[in-house]
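Worksheet for the structure shown next.
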Amino acid sequence: MSVSLLIKDTKDAVQRLVPVAVQAIFNSKWLPGAQELGLEWVDLMETGFDVRTKTGWTCLAELHRLRGWMERARRHT
């Protein structure tokens, strides 16, 4: 099982499913990082939610923070 991004094109009703993390990595890396950083949106990614332009930028900002956290954690291991 994996965590995926479902991209819907409203103009022509085309959908694409883009895997972003396997479930084990999401549970063992993403969620602990999100908790440590106090992120709100990452936890919701497991079940899914609708992203609009305004919330999309907030989600991207959280993912950038999470990426930085993971890179720092990897350097310290």
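Figure the gain on full extension for Ser4 and Val18 (residue separation times 0.36 nm, minus the Cα-Cα span) and round it to one decimal in nm. Stretched out fully, the Ser4 to Val18 stretch lengthens by 4.5 nm. Identify which of Glu46, Glu62, Glu36 has the largest mean-square fluctuation in a Gaussian network model of the chain, with springs joining Cα atoms closer than 10 Å. Its mean-square fluctuation being the largest, the pick is Glu36. Here the chain is scanned for trypsin sites (Lys or Arg not before Pro) in DSSP loops (not H, G, I, E, B) that have at most 15 other Cβ atoms within 10 Å, and the longest stretch holding none of them is 12-51. Compared with the dominant Cα axis of the chain, that is its longest principal axis, helix 53-75 is turned about 30°. In plain terms, if you count all Cα to Cα distances in the stretch 1-40 and split them into 5 Å steps from zero, the share in each step is 6, 22, 17, 19, 14, 11, 9, 3 percent. Globularity index of the chain is 1.18 (Cα radius of gyration / 2.2 N^0.38 Å, N = number of residues).
Of all the options Ala21, Ala61, Ala13, the one that moves most in a Gaussian network model of the chain with Cα springs shorter than 10 angstrom is Ala13.
Each value in this text was obtained by applying a stated rule to the coordinates, not by laboratory testing. As the structure is a computational prediction, the values presented were derived from the model and not from experiment. Glycine gets a Cβ as well: all are built from the backbone with ideal geometry, and neighbour counts include every protein chain shown.
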